[in-house]
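This report concerns only the one structure given below.
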Amino acid sequence: MSVDAAQLRLLDVGARLPALYGDDARSDRAARATLTKMEVVGPTDLLWKVRLLILPSAMRPHPPSEILSLADPSTGWTPLPLGVLLAGLALPFLPLVLLLRSLRVLPWTVEARTYPWGRRHPPIVFAYEVRGRDEAAAAIAMLATALERGSGGPELPGCERVL
């Protein structure tokens with residue numbers, strides 16, 4: 001049995017693995033973080049946080065700044081305890097969600113959020129759904145540049161606007 005040398009491929013395993021320790025690890029993490037999270041300032045001095053949401057919005061508990069607006073004063077019920085419990089119960093399903101996202105069955109959510117009236121008041125949120133991790137990173141960059149230019153509610157190609 002002979003093996004044709006043209007069919008063999010050399011594979012450098014160390015070139016594809018991320019750095020685990022030291023300065024290289026920090027720079028790798030910083031490079032990956034810039035693909036999933038950005039902060040930009042628009043022409044009206046609003047600070048926009050543009051990020052890729054790992055958990056779907058249905059699995060995320062409400063942020064503390066929105067709890068007061070969701071509370072029902074007649075019953076004294078707040079959604080915080082129930083949201084924390086449900087997020088804990090939903091975390092075992094996160095690997096399944098990530099697998100379905102990598103197969104492009106479920107979309108990623110790209111969100112831009114700003115608090116023009118302070119953290120106690122409701123934020124302005126733009127959310128887009130996009131299929132594919134590379135397309136989501138490109139959508140984050142396009143959304144950040146559009147918000148820096150001052151575009152209110154920009155339309156992104158290949159993305160479906162949710163909020």
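Checked against the criterion of being open to solvent by 70 Å² or more (accessible area, probe 1.4 Å), of a type outside the set (V, I, T) and modelled with pLDDT of 90 or more, the candidates R131, R120, R113 yield just one match: R131.
One line per residue, one yes/no per condition, for (1) surrounded by 12 or more Cβ atoms within 10 Å (Cβ to Cβ); (2) modelled with pLDDT of 75 or more; (3) among the small types (G, A, S); (4) outside any loop (DSSP other than H, G, I, E, B):
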{"position": "L10", "(1), (2), (3), (4)": "no, no, no, no"}
{"position": "G14", "(1), (2), (3), (4)": "no, no, yes, yes"}
{"position": "A19", "(1), (2), (3), (4)": "yes, no, yes, no"}
{"position": "A25", "(1), (2), (3), (4)": "yes, no, yes, yes"}
{"position": "D45", "(1), (2), (3), (4)": "no, yes, no, no"}
{"position": "P56", "(1), (2), (3), (4)": "yes, no, no, no"}
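Consider region 101-138 and keep the residues that are touching a residue at least 60 places away in the same chain (Cβ under 8 Å) and in contact with a helix residue (DSSP H, G or I) (Cβ under 6 Å, 6 or more places away or on another chain). The one that is nearest to I54 (Cα to Cα) is V110.
Does E155 satisfy the criteria of being touching a strand residue (DSSP E or B) at 6+ places or on another chain (Cβ under 6 Å) and closer than 24 Å to V41 by Cβ? So that I can check it myself, show each step before the final result.
Numbers: touching a strand residue (DSSP E or B) at 6+ places or on another chain (Cβ under 6 Å): no; closer than 24 Å to V41 by Cβ: yes.
When the stated conditions are applied, E155 does not pass them.
Whether any residue in region 71-87 is at pLDDT below 75, charged (D, E, K, R) and under 19 Å from the mean Cα position of the chain (by Cα) is what I want to check. No, region 71-87 has no match at all.
The values are calculated or read from the model by the stated rules, or taken from the named source; none is laboratory data. What you are looking at is a predicted structure, and each value in this text was computed from that prediction instead of being measured. In this analysis, Cβ positions are derived from the backbone assuming ideal geometry, glycine residues included, and neighbour counts consider all displayed protein chains. What goes into the accessible areas is simple: the full protein's heavy atoms, side chains included, and nothing from ligands, DNA or RNA. Shrake-Rupley method; radii C 1.70, N 1.55, O 1.52, S 1.80 Å.
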